[in-house]
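The values are calculated or read from the model by the stated rules, or taken from the named source; none is laboratory data. These numbers come from a predicted model, not from an experiment. Cβ placement follows ideal geometry from the backbone for every residue including glycine, while neighbour counts extend to all protein chains displayed.
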């Protein structure tokens, strides 16, 4: 730790990254981007921003500051919330890390219940406030001029930073392009917003089908996604995660079918097991269902 601090103080090298943080070990369920074409979809949740960045092989562009800062207010109005900056963010994931509750906000009903939602970025205020705290402890080693522009690669490691109000959109755009080239050299070309929305559409339909109890349809949507050309490694990993969730749902259904057979409701149990074996093809639960059917046959 002391060596790291010395390196930063003497050489100015930022030596902390999210490789120093285990992230809790839980993969968040990544939502489909809802921003309309030509608009920026801001994240306030760091885990979700990192998850999308991995899927798209894209840099994360973070605006960080305190909402009591007049300079942050100025940069939000003149730069970060302008159409020009939206264009500069193409091929990147946008994250706001803003401390405080002095900005415009309102109470709104969300999927998590009633929350205080930021009017500037249309995200829960709690998200961007917590993200500020996390980033401050991981990346900020001295006082800085508000706002801080921090760019991370998909692994959560710092690529570059800028601070203060002297940067016009053109300068920021140049820096973002430069950061994108650094990320591309290691991870490959970043996925566009439109392609990302299209591919996540398969995931959204799969999740919806699974929620409706249609495991076969959920697998079918993931199968279509898997056949898409030039999938990133992030998407390949996501497909396996989603298949795992479907398998868990199939195991729950199989458990209930076995309980029916134990109660003597053989016909209904057989029907359910056959349906599971048919719908969940290619997943571990398919073999479990087949084994359960064989066992019932032997018991006849």
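List of remarks:
- Among the residues of this structure, residue 160 counts as one that is more than 21 Å from the chain's Cα centre (by Cα) and part of a strand (DSSP E or B).
- Here is the figure for region 211-232: residues that are touching a residue at least 40 places away in the same chain (Cβ under 8 Å), assigned to a helix (DSSP H, G or I) and closer than 18 Å to residue 198 by Cα total 1.
- Residue list for region 110-135, restricted to those being assigned to a helix (DSSP H, G or I) and surrounded by fewer than 16 Cβ atoms within 10 Å (Cβ to Cβ): 133, 134
- Filtering region 257-274 to residues that are touching a residue at least 12 places away in the same chain (Cβ under 8 Å) and under 29 Å from residue 224 (Cβ atoms) leaves 257, 272, 273, 274.
- Just one of the numbered conditions (1) at pLDDT 85 or above; (2) part of a loop (DSSP other than H, G, I, E, B) is not true of residue 102: (1).
- Each residue in region 233-245 was checked for being surrounded by 18 or more Cβ atoms within 10 Å (Cβ to Cβ) and in contact (Cβ under 8 Å) with a residue 40 or more places away in the chain, and 4 of them qualify.
- Total residues in region 38-80 satisfying the condition of being outside any helix (DSSP H, G or I), surrounded by 21 or more Cβ atoms within 10 Å (Cβ to Cβ) and modelled with pLDDT of 90 or more: the figure is 12.
- Residue satisfying condition, being part of a helix (DSSP H, G or I), out of contact with any strand residue (DSSP E or B) (no Cβ under 9 Å at 6 or more places or on another chain), under 21 Å from residue 57 (Cα atoms) and not assigned by TED's automatic domain parsing to the domain that holds residue 87, within set 291, 247, 237, 252: 237
- Given (1) closer than 22 Å to residue 160 by Cβ; (2) in a helix (DSSP H, G or I); (3) modelled with pLDDT under 65, index of the condition residue 13 fails: (2)
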